[in-house]
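Worksheet for the structure shown next.
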Amino acid sequence: MDVIAPTIGGVDASDGSQIAAEDRLNGGPSVLFDAVAVLTSADGAARLASNASARDFISDAYANLKYIGFNDAAAALLNRAGVETKEEAGIVPLKDAGDASAFITACRNLRIWDREEKTKMSMK
């Protein structure tokens, strides 16, 4: 698991601690990862929604058929990136540890092949 943040310096956790980042949004594209989990606060999601690199990171993950997990606060960010958070295979709300465990298990499939036709249509 890698933490990707707006800057290589990392992010502040809700408890005030610092979480180091392995890469930054415009330097570590989502195509390098098997899946993406967007876990942010509402304030963080609002800031990221205005960041083109953050929106691209998410929309590229979607277009590359990746599994995308998200917490409630991140839903608006995903929507801003063009990824609807309604029920769709591979778009997984992460509300508790059970959801996270199911997400990790599902990610073993690597891609959501059923999404391929939909993403091709949106590129036309």
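Things worth noting here:
- The condition (being of a type outside the set (Gly, Ala, Ser), farther than 19 Å from residue 103 by Cβ and under 13 Å from the mean Cα position of the chain (by Cα)) is satisfied by just one residue among 56, 72, 15, 34: 56.
- For residue 89, the conditions (1) among the hydrophobic types (A, V, I, L, M, F, W, C); (2) over 17 Å from residue 6 (Cβ atoms); (3) touching a Ser or Thr at 6+ places or on another chain (Cβ under 7 Å) all hold with the exception of (3).
- Candidate set: segment 75-113, residues that are under 14 Å from the mean Cα position of the chain (by Cα) and of a type in the set (Val, Ile, Thr); chosen: the one farthest from residue 33 (Cα to Cα): 85
- Taking (1) surrounded by fewer than 16 Cβ atoms within 10 Å (Cβ to Cβ); (2) closer than 24 Å to residue 8 by Cα; (3) in contact (Cβ under 8 Å) with a residue 60 or more places away in the chain in turn, residue 42 satisfies each apart from (3).
- Checked across segment 102-117, the condition of being aromatic (Phe, Trp, Tyr), under 25 Å from residue 8 (Cα atoms) and either surrounded by 16 or more Cβ atoms within 10 Å (Cβ to Cβ) or at pLDDT below 90 (or both) holds for no residue.
- Selection count, segment 28-61, where residues are closer than 18 Å to residue 81 by Cβ and outside any helix (DSSP H, G or I): 12
- Check on residue 64, more than 19 Å from residue 11 (Cα to Cα) and touching a helix residue (DSSP H, G or I) at 6+ places or on another chain (Cβ under 6 Å): yes
The values are calculated or read from the model by the stated rules, or taken from the named source; none is laboratory data. Keep in mind it's a predicted model, so treat the numbers as computed, not measured. No Cβ is skipped: glycine too gets one built from the backbone with ideal geometry, and neighbour counts run over all protein chains shown.
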